[in-house]
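**Q** Can you read through this structure? Questions will come right after.
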Amino acid sequence: MGIVNVTPDSFSDGGQYFDEQRAVDHGLELAAEGAAILDVGGESTRPGASPVSVEEELRRVLPVIKGLRRQTKALISVDTFKAAVAEQALGAGADIINDVSSMMHDPRMMEVAAASSCGLVLMHMKGEPRTMQKNPEYVDVVAEVAAFFEHRLAALAEAGIDKTRTVLDPGLGFGKKLDHNLSLLRHLPRLSVQNRPVLVGISRKSMIGAVLGNRDMAARMWPTVAVTAYAREHGAHIMRVHDVKPNVDAMRMAEAILFGVA
Ligand code: 8Y7
């Protein structure tokens, strides 16, 4: 899963069209590098990021989803926790809703999902993006995240949404300290509850800086690739990354060791 951020570029003066075109071109490049899914997001969910209105988020993501849909067969996911954005994104050709709140932030999100046959990423987050990194605590983080997945799958079943539409994501960095993130990675197979595929999002995240000593963002690419190989070996199926090519190579090598080459 390649990350396509659609946020205004403060260094460009080309206006809205330029930002859109840049995002579409970037997505096409990631698809050419081997991304099976393009994750299009118009609102940052990083700790402390400022909120964006539904109208502004739609203005950012819809043209990019439409542009990508015209030009690639890659699956398109929309990174949003707003039902109205998810609904319109599906109408514009998106295949998957990647909602970091696991469809709990917007009460209408379950209806939107139930009315569609789209794929769904269920990500674990403790607390809210604004405050989630303020001293998160768990007794047993792996058991708690696994129990959360069980609860969400039950809630979806209740709403008539089949579990085969879902993938599960521990939400690294979303209300987790370093040792929580590491425990979740150490026990990936336990997170595959009801045998659902697991998605890992660690690309360039601060936990890498926390282990290796804070270095710049570019220095977080190869450590991300190392985790991708590890996570693939331990059963994760989807990696959400900025740098597609080296991460696809790592997945293919791990898969060659695990399963042989065709
Ligand atoms: C994740 C994510 C982000 C993740 C899923 C960042 C939108 C923060 N992280 N979605 N989104 N999983 N499913 O650093 O780990 O990319 S935003």
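**Q** Give the carbon-plus-sulfur fraction of the accessible surface of the chain in %, rounded to a whole number; probe 1.4 Å, heavy atoms of protein chains only. Display every interim value, and only then the final one.
**A** On the way: 6900 of 12470 Å².
That fraction is 55 percent.
**Q** While we're looking at this one, here's another question. Inverting the mean 1/r over all pairs of different Cα atoms, compute the Kirkwood radius of the chain and quote it in Å. Walk me through the numbers on the way to the answer.
**A** Values: mean 1/r = 0.0533 Å⁻¹.
About 18.8 Å, per the Kirkwood formula over Cα pairs.
**Q** By Kyte-Doolittle mean hydropathy of at least 1.0 and Cα axial length of at least 15 Å, which whole DSSP H helices of the chain are selected? Could you put the intermediate results ahead of the total?
**A** Values: long enough: 15-32 (26 Å, -0.60); 54-71 (25 Å, -0.52); 141-158 (26 Å, 1.02); 221-233 (18 Å, 0.19); 244-259 (22 Å, 0.51).
In the chain, the long hydrophobic H runs are 141-158.
**Q** Checking the cross-link filter: which lysines have an alpha carbon closer than 24 Å to that of LYS205, excluding same-chain neighbours under 8 positions apart?
**A** Counting by Cα, and skipping residues close in sequence, LYS205 has these lysines nearby: LYS82, LYS126, LYS134, LYS176, LYS177, LYS245.
**Q** Then there is this: Restricted to Cα positions, what overall size does the range 187-250 have along the principal axes? Three whole-Å values, descending.
**A** Dimensions of the range 187-250 along the principal axes of its Cα atoms: 38, 24, 15 Å.
**Q** If you don't mind, there's one more thing I want to ask. Against the empirical 2.2 N^0.38 Å scaling, what ratio does the C-alpha Rg of the range 152-262 come to?
**A** The value comes to 1.15.
**Q** Whole number in Å², please: accessible area per residue of the chain, 1.4 Å probe, ligands, DNA and RNA not counted.
**A** Averaged over the residues of the chain, the accessible area is 48 Å².
**Q** When the helices in the chain are scored as -39500 (n - 2.57) per DSSP H run of 4 or longer and the sum is shared across all residues, what 222 nm value do you end up with, to the nearest 500 deg cm²/dmol? Could the numbers behind the result be given before it?
**A** Working: 10 runs with 118 residues, N = 262.
So the helix-based figure for the chain works out to -14000 deg cm²/dmol.
The values are calculated or read from the model by the stated rules, or taken from the named source; none is laboratory data. These numbers come from a predicted model, not from an experiment. Side chains are part of the model used for accessible areas, which takes the heavy atoms of the whole protein and leaves out ligands, DNA and RNA. Shrake-Rupley method; radii C 1.70, N 1.55, O 1.52, S 1.80 Å.
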